[in-house]
Amino acid sequence: MVLVATLISNPRAPAITDAVLREAGRALATGHPPHRLHGEIAADLLFDDDGGRRVAALRAALAGAPIDIVAQPAGQRRKRLFIADMDSTMIEQECIDELADTIGLKAEVAAITERAMRGEIAFEPALRERVALLEGLPLAVVDEIIAARIALTPGGRALVRTMRAHGAYTCLVSGGFTLFTGPIARMIGFDEHRANRLIVANERLAGRVEEPVLGREAKRQALIALRDRLGLGREATMAVGDGANDLAMLGEAGIGVAFRAKPAVAAAADAVIDHGDLTALLYLQGYTAAELVAG
């Protein structure tokens, strides 16, 4: 089987030099010339599968370099369904932590969030516990947080808009709240969004979330439902996330990508992106600079 190794660096610090490509070619023992996808930001190298030894040699050769390596079969790289986590993936913050910060409880809530994302505690009861602490918070604070505190992860708009321009369907799915996923999905350009609904009374948060909670298994089911609705095979799907509640979704996708993820998630994912921005998910599909739609 012919495989392709994609080398990806951050667009703000291009690192795929000619010397890197020569070293990568030697490690992979390939006679195929490298194919630059985007200058010194990303490149492909074809090689023959040998049970993982060549990939291991490549990782060893480039160890310590600010370069992500994704190895996969060379065929069927372009995906037609993309499903993404929101908090700490498509945006740089955890929305529930920012809500808690407005009432001086960020440290307490963030500690629970971190444990849940690492898989140390179950997601659903952890969410209910954190939401209860927000009881009485004015609904208007959500718009203030989105305007002042939320930053889109670099490359996210280009990722979604490029995939949509090439016929893919995109969905933002979050264990967070529709109050955030709605505006953020529109900002980025997703086709749809799915998340938990906070119960509101008299324009204030009631400290409760509608049941059932959208958690780990619900994310997986969202991918399956969309895949079936679109008549796609598993190989045509891609998912990205960073936390333990994303693991089932990542495992169900044709390629599951751990983006700047918790250790347990990175260990289980098909691909790990620690250095690149979200355009890395385009390069691992073989998109070139000329095909990218500006965000």
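The values are calculated or read from the model by the stated rules, or taken from the named source; none is laboratory data. Computed from a predicted model, the values in this text were never measured in an experiment. Positions of Cβ are backbone-derived with ideal geometry, glycine not excepted, and every protein chain shown enters the neighbour counts. What goes into the accessible areas is simple: the full protein's heavy atoms, side chains included, and nothing from ligands, DNA or RNA. Shrake-Rupley method; radii C 1.70, N 1.55, O 1.52, S 1.80 Å.
On the given criteria, is Ala294 part of a loop (DSSP other than H, G, I, E, B) and out of contact with any Phe, Trp or Tyr (no Cβ under 8 Å at 6 or more places or on another chain)? For Ala294, the condition - part of a loop (DSSP other than H, G, I, E, B) and out of contact with any Phe, Trp or Tyr (no Cβ under 8 Å at 6 or more places or on another chain) - is met. Can you confirm whether the range 48-65 contains a residue that is assigned to a strand (DSSP E or B), in contact (Cβ under 8 Å) with a residue 12 or more places away in the chain, farther than 18 Å from Phe180 by Cβ and in contact with a Leu (Cβ under 8 Å, 6 or more places away or on another chain)? Yes, there is a match, as at least one residue in the range 48-65 is assigned to a strand (DSSP E or B), in contact (Cβ under 8 Å) with a residue 12 or more places away in the chain, farther than 18 Å from Phe180 by Cβ and in contact with a Leu (Cβ under 8 Å, 6 or more places away or on another chain). Taking every residue in the range 18-40 that is under 14 Å from Arg59 (Cα atoms) and touching a residue at least 12 places away in the same chain (Cβ under 8 Å) and pairing it with any residue that is among the aromatic types (Phe, Trp, Tyr) and open to solvent by less than 70 Å² (accessible area, probe 1.4 Å), at least 6 positions away or on another chain, the pairs with Cβ-Cβ distances below 6 Å are Leu28/Phe47. Looking only at residues of the range 37-47 that are in a loop (DSSP other than H, G, I, E, B) and not aliphatic (A, V, I, L, M), we find that the one that is surrounded by the most Cβ atoms within 10 Å (Cβ to Cβ) is Glu40.
The residue pairs whose first member lies in the range 276-288 and is within 8 Å of Gly155 (Cβ to Cβ) and open to solvent by 10 Å² or more (accessible area, probe 1.4 Å), whose second member is at pLDDT below 95 and not in a loop (DSSP other than H, G, I, E, B), and whose beta carbons are closer than 8 Å, counting only pairs six or more residues apart or on different chains, do not exist in this structure. Look at (1) in contact with a Gly (Cβ under 7 Å, 6 or more places away or on another chain); (2) outside any loop (DSSP other than H, G, I, E, B); (3) closer than 24 Å to Glu94 by Cα and you find that Arg208 fails only one, number (1). Filtering the range 8-23 to residues that are crowded, with 19+ Cβ neighbours inside 10 Å and touching a helix residue (DSSP H, G or I) at 6+ places or on another chain (Cβ under 6 Å) leaves only Ile8. When you look at Pro33, is it open to solvent by 50 Å² or more (accessible area, probe 1.4 Å), under 23 Å from Arg260 (Cα atoms) and out of contact with any helix residue (DSSP H, G or I) (no Cβ under 7 Å at 6 or more places or on another chain), yes or no? Considered against the rule, which asks whether it is open to solvent by 50 Å² or more (accessible area, probe 1.4 Å), under 23 Å from Arg260 (Cα atoms) and out of contact with any helix residue (DSSP H, G or I) (no Cβ under 7 Å at 6 or more places or on another chain), Pro33 comes out as no.
Considering (1) without any contact (Cβ under 8 Å) to a residue 24 or more places away in the chain; (2) under 30 Å from Ile112 (Cα atoms), the lone condition that Thr89 does not fulfil carries the number (1).
Within 27 Å of Ala63 (Cβ to Cβ) and either without any contact (Cβ under 8 Å) to a residue 60 or more places away in the chain or polar (S, T, N, Q) (or both): does that describe Ala218? Criteria not met by Ala218. Considering the range 227-245, the residues that are touching a Ser or Thr at 6+ places or on another chain (Cβ under 8 Å) and either of a type in the set (Gly, Ala, Ser) or open to solvent by less than 10 Å² (accessible area, probe 1.4 Å) (or both) include one that is farthest from Ala116 (Cα to Cα), namely Val240. Residues in the range 211-232 that are over 21 Å from Ala122 (Cβ atoms) and in a helix (DSSP H, G or I): Ile224, Ala225, Leu226, Arg227, Asp228, Arg229, Leu230. Filtering Gly231, Gly167, Gly251 for residues that are without any contact (Cβ under 8 Å) to a residue 24 or more places away in the chain and either more than 22 Å from Gln93 (Cα to Cα) or of a type in the set (A, V, I, L, M) (or both) leaves a single hit, Gly231. Filtered by the rule that a residue be part of a helix (DSSP H, G or I) and among the polar types (S, T, N, Q), the range 66-113 gives Ser88, Thr89, Thr113. With respect to the conditions (1) free of Cβ contacts under 8 Å to residues at least 12 places away in the same chain; (2) in contact with a strand residue (DSSP E or B) (Cβ under 9 Å, 6 or more places away or on another chain); (3) within 28 Å of Ala264 (Cβ to Cβ); (4) not basic (Lys, Arg), Gly182 falls short on a single one, namely (3).
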